[in-house]
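Written out below as structure tokens is the structure these notes cover.
All of the numbers you see were taken from the coordinates with simple rules; none came from a lab. Quick caveat: nothing in here was measured; it's all calculated off a predicted structure. Here the Cβ is made from the backbone with ideal geometry for all residues, glycine too, and neighbour counts use every protein chain on show.
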Ligand code: HEM
């Protein structure tokens, strides 16, 4: 008999949602172990990865503009002419650091307890209008592209490293892939993209003869 999944509970019970996704994509403690084993391989490379992320985000005005807004907590900052620090450069350094902390945390976390799930969810929330400083509301499109960029970068590292045994590499790649899809789901949840209102559609109805997946 099919297991009942409570649609409403998926929207407000993070643990329930995570357990459901884990079951669907087969995310197990072994994946967490693989992420933990990757931590010492990837962590030393984080400064250069984060540098590349910011280069990308600063390459187009549409993404750069998000960083030109003032960050909560920096309102009192006075630019220091002697050190060359500007409000923007300090904010960007802070954000680089936060991204690095996040990636390190994600790889090294051993206990995916409720606090950690809330952390992953909060990372999504701060990019929406409801969670960050009032003015920051990053369009989901950019989140999607950055997740892809990060995952591709991690895949490249695993592929090229000799610090992970060859026979473990596939498991490591699977773990990375699952991690990014879980994080992506938490973003979509915070952006309100995961669930459709029932019976409301603007797409013309096409009567397919059968579902492709059955
Ligand atoms: C892979 C997707 C992303 C991840 C994992 C991520 C992660 C983070 C983290 C960990 C923070 C720090 C939160 C804190 O203050 O504790 C942060 C802040 C921030 N991120 Fe992202 N980020 C992502 C995508 C983006 C994109 C695509 C943009 C803009 C184009 C962006 C703009 C910002 C801004 C402006 C802040 C500062 C928020 C504030 O001042 O409250 N992020 N991000």
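Some observations on this one:
- Highest to lowest packing among 6-13, 56-63, 118-125, 188-195, scored as the average C-beta count within 10 Å: 118-125, 188-195, 56-63, 6-13
- At full extension, residue 25 and residue 148 could sit 42.5 nm farther apart than now, given 0.36 nm per residue minus the alpha carbon distance.
- At an R0 of 30 angstrom, the distance between the Cβ atoms of residue 45 and residue 111 translates into a FRET efficiency of 0.75.
- Spin-label model distance (nm) - residue 155 vs residue 36, 7 Å beyond Cα toward Cβ: 2.7
- The ranking of 159, 181 by Cβ neighbour count inside 10 Å, starting from the fewest, reads 159, 181.
- Cβ-Cβ distance of residue 102 and residue 139, R₀ of 25 Å, FRET efficiency by 1/(1 + (r/R0)^6): the value works out to about 0.80.
- Ranked 165, 151, criterion: other C-beta atoms within 10 Å, fewest first: 165, 151
- Residue 126/residue 174 FRET efficiency (R0 22 Å; Cβ-Cβ; nearest 0.05): 0.20
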